[in-house]
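Colleague: Structure in C-alpha cells, see below.
The values are calculated or read from the model by the stated rules, or taken from the named source; none is laboratory data. Computed from a prediction, not measured in an experiment: that's the story for all the values here. Positions of Cβ are backbone-derived with ideal geometry, glycine not excepted, and every protein chain shown enters the neighbour counts.
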Amino acid sequence: MPNHLLGIAELTKEELMAFVENGYHFIEVSERSIKKVPTLRGKTIINFFAEASTRTRASFEIAGKRLSADTINLGGSGTSQSKGETLYDTLQTLQAMNPDIVVLRHSGSGAPHFLARSLPRTSIVNAGDGAHEHPTQALLDCVTLYDHFKREGRSLEGLKIAIVGDILHSRVARSNIYAHGLLGNTVHLVGPPPFVPKEFETAYKGKANVKVFHSIEEGLRGVDVVLVLRMQLERHDESFISSLEEYTRWYFVSRKLLSRIAPGAVVLHPGPINRGVEVETALIDGPQSLVTKQVTHGVAVRMAVLHYLCKTQAKLSNEVGEK
Ligand code: CP
C-alpha cells in the first residue's frame, strides 16, 4: 500500500483503477452547490511549487479545500530558496510543522523521490518532476477517458491512444504510457525522430505496447484518442527541430486531418496550449475536445489522491499501534 504518489510506474493496475474510479466518484462533489465535505478536517497539506503551474497548483489547492484540509501554497520567489536554501532544508523546515502531505512540483527529475526517502513522516505527491513523471495528470486523463467511454458503453481497456509531439521532454507522455501499459492499451508515439526515437519501442518493453510513428498520417489512423502535447520550449537546451514552423507543417493536429483518418477520436491536451503550433484552435474548442473536462476532473482526481493518502496514513499508524 503506497503512502506516496511518486509515479504511475510504481502502481499496479488495481491501484491505478482505484484512483480512477475514486476520482470519477469525486466529480459529483464539485457539482454540488456546497462543494465541501469534512473528510480531511484537521489535516494539513503543503503545496510546494518550485516550477510554474496554473492547472495543477490551483486544482490541488481547491481539492484540499473541498475536503476541508488546511492547505498552504508556497513556491517560486516567495520562499527562502531564493536566498540559497536547499530543497532538502526547505522541506525539512516544512516537515517540522507536521504537514500530512506535501505536494511537490520541481524541475529536477526525481526530486519527489528524494524527498520521500528524506522525509519519512510525510506523504509526498509528485505534481510533475522535470521530464520524468506527472502522475496526477495521467490519472485525470484516465478519469476523463473513463467518463467519456463509459457513456459509450465502453471501458478504459481495448483503446488505441496516439500521443503526438515532444515525447522526449514530456512527463505527461511518460506517465500516460505507463498508465495505458497497465490497462493493456496500444500507444502510438508520434513526432519527429529527435522527439520520438525509434528506441522508445524497446525502452517500454514489458511495461507498455508502444509503437513509434514519424508520419502523423500513419500514427493517428484509426485511433480512439489523440493526446496532443505542448511544445516544451523551456526544456530544449539544444536545437531539436529546425523551426517551430517546420514542426507545425508536419505534425499539426487539425480537424480536417482527424475527420479523414480518425473521425471518432477524442482529443486531450494537458495545457497550457500553444494554439496554432501543435493543434488547431477550432479542434481544441470543438466537440471532439475533452480539454475542459480534463481540467474539471483534475480537481476530482486530486481529491481522490489526497483522500487515499490520508486514509493510508491512518491505516499504517493503526498497524504500528497494534504491534
Ligand atoms: N497540465 C499541467 O501540468 O498544467 P500546469 O503546468 O498549468 O499545472
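Colleague: Out of all the residues in segment 94-115, is one or more within 30 Å of H180 (Cα to Cα), out of contact with any Cys (no Cβ under 6 Å at 6 or more places or on another chain) and without any contact (Cβ under 8 Å) to a residue 12 or more places away in the chain?
Modeller: Scanning segment 94-115, I find no residue that is within 30 Å of H180 (Cα to Cα), out of contact with any Cys (no Cβ under 6 Å at 6 or more places or on another chain) and without any contact (Cβ under 8 Å) to a residue 12 or more places away in the chain, so the answer is no.
Colleague: Looking only at residues in segment 150-166 that are free of Cβ contacts under 8 Å to residues at least 24 places away in the same chain and not charged (D, E, K, R), which one is nearest to V190 (Cα to Cα)?
Modeller: Filtering segment 150-166 for residues that are free of Cβ contacts under 8 Å to residues at least 24 places away in the same chain and not charged (D, E, K, R), the one nearest to V190 (Cα to Cα) comes out as S155.
Colleague: Just wondering, is there one or more residues in segment 61-79 that are at pLDDT below 95, out of contact with any strand residue (DSSP E or B) (no Cβ under 9 Å at 6 or more places or on another chain) and surrounded by fewer than 14 Cβ atoms within 10 Å (Cβ to Cβ)?
Modeller: Yes, segment 61-79 contains a residue that is at pLDDT below 95, out of contact with any strand residue (DSSP E or B) (no Cβ under 9 Å at 6 or more places or on another chain) and surrounded by fewer than 14 Cβ atoms within 10 Å (Cβ to Cβ).
Colleague: If you check F252 against the conditions, is it out of contact with any Gly (no Cβ under 7 Å at 6 or more places or on another chain), surrounded by fewer than 19 Cβ atoms within 10 Å (Cβ to Cβ) and over 30 Å from P38 (Cβ atoms)?
Modeller: yes
Colleague: Applying the selection to segment 284-323, what residues are in a helix (DSSP H, G or I), without any contact (Cβ under 8 Å) to a residue 60 or more places away in the chain and either surrounded by 15 or more Cβ atoms within 10 Å (Cβ to Cβ) or more than 14 Å from the ligand (Cβ to nearest atom) (or both)?
Modeller: Selection gives I284, V291, K311, A314, S317, N318, E319, V320, G321, E322.
Colleague: Let me ask you something else. Helices (runs of 4 or more DSSP H) wholly in segment 48-161 with at least 1 residues that are more than 12 Å from the ligand (Cβ to nearest atom) and within 30 Å of A265 (Cβ to Cβ) - which ones?
Modeller: Because the criterion is at least 1 residues that are more than 12 Å from the ligand (Cβ to nearest atom) and within 30 Å of A265 (Cβ to Cβ), the helices (runs of 4 or more DSSP H) in segment 48-161 that meet it are 55-66, 135-151.
Colleague: Any idea which of R66, R32 is of a type in the set (D, E, K, R) and without any contact (Cβ under 8 Å) to a residue 60 or more places away in the chain?
Modeller: Exactly one of R66, R32 is of a type in the set (D, E, K, R) and without any contact (Cβ under 8 Å) to a residue 60 or more places away in the chain, namely R32.
Colleague: Scan segment 19-26 and give yes if some residue there is in contact with a helix residue (DSSP H, G or I) (Cβ under 9 Å, 6 or more places away or on another chain) and more than 30 Å from G206 (Cβ to Cβ), otherwise no.
Modeller: The answer is yes; a qualifying residue exists.
Colleague: Shifting gears a bit: With respect to R171, is the statement that it is basic (K, R) and within 16 Å of the ligand (Cβ to nearest atom) true?
Modeller: It is true that R171 is basic (K, R) and within 16 Å of the ligand (Cβ to nearest atom).
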